[in-house]
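Q: First the structure, then my questions, so here it is.
The values are calculated or read from the model by the stated rules, or taken from the named source; none is laboratory data. Just so it is clear, the structure is predicted and the values come from calculations on it, not from any experiment. Neighbour counts are summed over all protein chains in view; Cβ atoms, including those assigned to glycine, are modelled from backbone coordinates with ideal geometry. For accessibility, only protein heavy atoms count, side chains too; no ligands or nucleic acids. Shrake-Rupley method; radii C 1.70, N 1.55, O 1.52, S 1.80 Å.
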Amino acid sequence: MYRIKVDHTKCTGCRYCELACSLNHLTTALNPKKARIRVLREKDRFFPVISGPCTEAACNIKIDIVIGDRTYDFCNLCRAVCPYKEVFKDPKTETPLQCDFCGIDAPGPACVKWCPSGALVLEEVPAYY
Amino acid sequence: MFGWQGKALRVNLSNGFVEEELISENLLENYVGGCRLAKEVARLEEVSAEKNKLIFASGALTGTGVPTGAFCSVAGYVSLQEDILCAPLLLRFGPELKCCGYDVLIIEGKAPEWCYLFITDEEAKVIPVAEMEGYTPAEIEEVIRSSFSKWYGNDIRIISIGKEGEQPSGLGGLVTDGLLVNYSGGLGNVFGEKRLKAIAVRGTLDIKLAKAAVFQKIITDAIKDFREKRNKLFETVHTVFARLELPLSREIHHGEIEKKACLACPIACLHQREGKFLPNFTVTFCFSELLEIENMEDALTLYDLCEKRGIDPVALSVTGRMLIELAKVGKADVTLTPGDTKQLVALIEDESSLLHKGGFWLAQHYQSETLLQDITKKIDTTREEIFAQIEEAGKKKAVLEALGLCPYALLAFPYDVIIKAFEAATGKALEVKE
Ligand code: SF4
Ligand code: SF4
Ligand code: SF4
């Protein structure tokens, strides 16, 4: 099976992934606010976050995450579509937007195809993973 | 319309009146974007010293995903230069304005007190912020973003001015999302004249494409090709820089730096260290060749001061060089030794110093127009060097600039990819006139 590997250290914040995802789903238009991947900024870093499951309640763990010598707000890395986080919702209808992997065969994950920096890579992982 | 939104927003700061207007298709087709469109709108609006307006214009490809399709141009009448000036805004302001539904934004009148303009696809309002007077652009961005939720604030794009733009000066530039806008010297002061401290935009509308499937294939292929040739591109750029012998650039751009990009730009020529933008190629050239700054600490201190006060670093370098030359021949009574950053900082902090007059005023006052031309030509010639290996670079660059794209796109993408993408995005053929 396939997974999208995200390397935030390579991300330049170009938002090509957001454009690609929105075009792939809207089919005739682009709109980053309707993408199922959003590039969130935390301090001086960009974190491409792919929208995951929709949850009915916000979590209450609010932990910090330490990567290298920096501490980040966990909310910025979390993939959940939660009531607290408005980024993975259609801006007009508020319908949660969840990554559907674009159909893994053709045409394949649009975000990976348009990511020019190598921050998003499609990787094959063992099925039990 | 496809590619464009076909609408302009007019805001009058004197009375807060906001109006949406349709833009003639003819105008957009003849002036597809960039400063050509912004200046044409300025001409139609009869922008002058007495009737000054700020014009923002995005091109047909802004925000569509065409490589480097991120720019928006801003124009206004700069009194100290007695002309309409125009500068390209990098990063994401233009695409965001387009997602608010507008290709063009016209700001007229003068606010009764300091204010900022907030535009979404649902409303545009003038918000009084008297307390923001004297704020640095970074402080303004922080105040604006923190007045919304974290996620909403993350998507707001901002242009602002610092202290330099609040007073009459030839150096007052713009800052967009933390990045100083090169060549915006004087435009910041147009914001200041209007008591406009900032513009914040956040849009959620679609940008429609005429032939979406064709467009998607063009961009997919172009990015695939870019990824395969990426190393070669960076080699070429390094060779150009090595040829130009800019030791300051090597110093600034080495070590722990992070590459950042404007919207839809695979090249990512912007650099940050610890969250702050570093001087780009043009600024590094200006600092080292015009101001003769040799060490990195001095260059970064100066750039930092520019960011805090909202000073256009290119205008600062040109004016600084003018003063150095005028002082040498005894025309201007000022002490400015090449490479002495302390003297330069003192002149910046002295608000009555000649430095704040800007290069154009100095050239006129001291009848030294040729000197100014020579200095600006030096910058232009160096920038041209970057495109030396590209056939018909002048013509292609002019087309890209007219489309509101970054000319650096030519270094990484075949010209015909851009032209085909234009046709797929807008459904119209691009006719290039001499
Ligand atoms: S895999 Fe497809 S649906 Fe999922 S984020 Fe990427 S482009 Fe969007
Ligand atoms: S396309 Fe790639 S580099 Fe660009 S913002 Fe998305 S993840 Fe980052
Ligand atoms: S090359 Fe640099 S300035 Fe041009 S669009 Fe890309 S990041 Fe922006």
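Q: According to the square roots a ≥ b ≥ c of the eigenvalues of the Cα gyration tensor, what is the shape class of chain A, taking rounded for a/c under 1.5, prolate for a/b larger than b/c otherwise, and oblate for the remainder?
A: The shape class here is rounded.
Q: Which of the DSSP-defined H helices in chain B satisfy a minimum axial length of 18 Å, computed from C-alpha atoms, and a minimum mean Kyte-Doolittle hydropathy of 0.0?
A: B:313-328
Q: Sticking with this structure for a sec: Starting from region A:32-127, pick out the GluC sites (Glu not before Pro) whose DSSP state is loop and whose Cβ has at most 13 other Cβ atoms within 10 Å.
A: Taking region A:32-127 and a limit of 13 other Cβ atoms within 10 Å, the loop GluC sites (Glu not before Pro) found are A:E56, A:E94.
Q: Same structure, new question: Can you compute the FRET efficiency between A:L122 and B:L22 using 1/(1 + (r/R0)^6), with r the Cβ-Cβ distance and R0 = 41 Å? Round to the nearest 0.05. Working shown, then result.
A: Values: r = 44 Å, r/R0 = 1.07.
The computed FRET efficiency comes out at 0.40.
Q: Using only DSSP helix segments of four residues or longer, with each worth -39500 (n - 2.57), what per-residue ellipticity at 222 nm results for chain B after dividing by its residue count and rounding to 500?
A: Only helices count here, giving -12500 deg cm²/dmol.
Q: A follow-up question, please. Which loop trypsin sites (Lys or Arg not before Pro) in region B:19-56, with loop taken from DSSP, have no more than 12 other Cβ atoms within 10 angstrom of their Cβ?
A: Loop-located and lightly packed - B:K51.
Q: Express the relative contact order of chain B as a whole percentage, based on alpha carbon pairs under 8 Å and six or more residues apart in sequence. Intermediate values should be presented prior to the final figure.
A: Values: 898 pairs, mean separation 86.2, N = 434.
Over chain B, the number comes to 20 percent.
Q: Then there is this: What shape does chain B have by the C-alpha gyration tensor, where a ≥ b ≥ c are the square roots of the eigenvalues, rounded means a/c under 1.5, and otherwise prolate means a/b greater than b/c and oblate the rest?
A: Details: a/c = 1.56, a/b = 1.16, b/c = 1.35.
Here chain B falls in the oblate category.
Q: Run through region B:188-292 and list the GluC sites (Glu not before Pro) located in a DSSP loop whose Cβ has at most 12 other Cβ atoms within 10 Å.
A: B:E245, B:E256, B:E274
Q: Next up: Nearest 5 percent is fine: what portion of the DSSP beta bridges confined to the protein assembly as shown is antiparallel?
A: So the antiparallel bridges in the protein assembly as shown amount to around 85 percent.
Q: What nm value, rounded to one decimal, do you get for the distance between B:S147 and B:A49 when each label is placed 7 Å out toward the C-beta?
A: Modelled inter-label distance: 3.4 nm.
Q: Determine the distance separating the Cα centre of region A:50-73 from the Cα centre of region B:276-353; give it in Å without decimals.
A: 44 Å
Q: Springs between alpha-carbon pairs under 10 angstrom, Gaussian network model over chain A: which of A:N31, A:N76, A:N60 fluctuates most?
A: In this elastic network of chain A, the residue with the biggest mean-square fluctuation among A:N31, A:N76, A:N60 is A:N60.
Q: Anyone know which of A:C59, A:C21, A:C11 comes out most mobile in the 10 Å Cα GNM of chain A?
A: For chain A, modelled as a Gaussian network with Cα springs under 10 Å, the answer is A:C59.
Q: A further question follows. Skip the ligands, DNA and RNA, and give the accessible area per residue of chain B with a 1.4 Å probe, whole Å².
A: 40 Å²
Q: Please state the charge dipole magnitude for region A:2-122, taken about the Cα centre, from unit charges on C-beta atoms (+1 on K and R, -1 on D and E), reported in debye and rounded to the nearest 20.
A: 200 debye
Q: Which whole-percent values make up P(r) of region B:1-81 when all C-alpha to C-alpha distances are grouped in 5 Å steps starting at zero?
A: It works out to 3, 14, 23, 26, 18, 11, 5, 1, in whole percents.
Q: Can you tell which of A:H25, A:C14, A:V49 lies farthest toward the positive end of the dipole of chain A, using +1 and -1 charges on the Cβ of basic and acidic side chains (Lys, Arg; Asp, Glu)?
A: Comparing the listed Cα positions along the dipole, A:C14 ranks first.
Q: Then there is this: What share of all Cα pairs of the protein assembly as shown, in percent, falls into each consecutive 10 Å distance bin?
A: Histogramming the protein assembly as shown at 10 Å steps yields 3, 18, 29, 28, 16, 5, 1, 0, 0 percent.
Q: Starting from 0.36 nm per residue, how many nanometres of slack lie between B:T239 and B:K328 once their C-alpha separation is accounted for?
A: Result for the pair: 28.5 nm of gain on full extension.
Q: Another question about this same structure. Quick check on region B:7-202: take the gyration tensor over C-alpha atoms, sort the square-rooted eigenvalues as a ≥ b ≥ c, and tell me if it's rounded (a/c under 1.5), prolate or oblate.
A: rounded
Q: Quick one: Debye curve from the alpha-carbon atoms of region B:357-398 only, equal weights, vacuum; give me log10 I(q)/I(0) at q = 0.32 Å⁻¹ to two decimals.
A: For region B:357-398 at q = 0.32 Å⁻¹, log10 I(q)/I(0) is -1.02.
Q: Quick one: grab Rg to one decimal and Dmax as a whole number for region A:1-70, Cα atoms only, in Å.
A: Reported Rg and Dmax, both Å: 14.2, 43.
Q: What is the extension gain from B:T335 to B:E349, computed as 0.36 nm multiplied by their sequence separation minus the C-alpha to C-alpha distance, in nm to one decimal?
A: Working: separation 14, 0.36 × 14 = 5.04 nm, distance 1.42 nm.
That pair, B:T335 and B:E349, stretches by 3.6 nm at full extension.
Q: When chain B is modelled as a GNM with alpha-carbon springs shorter than 10 Å, which of B:A242, B:A315, B:A424 fluctuates the most?
A: Maximum among the listed residues: B:A242.
Q: Related question: Explain nothing, just the number: dipole magnitude of the protein assembly as shown about its Cα centre with +1 on each Lys and Arg Cβ and -1 on each Asp and Glu Cβ, in debye rounded to the nearest 20.
A: 1420 debye
Q: Counting helices only, and only those DSSP H runs with n ≥ 4, report the 222 nm mean residue ellipticity of chain A as the sum of -39,500 (n - 2.57) divided by its residues, in deg cm²/dmol to the nearest 500. Numbers along the way, then the final one.
A: Numbers: 2 runs with 16 residues, N = 129.
That comes out to -3500 deg cm²/dmol.
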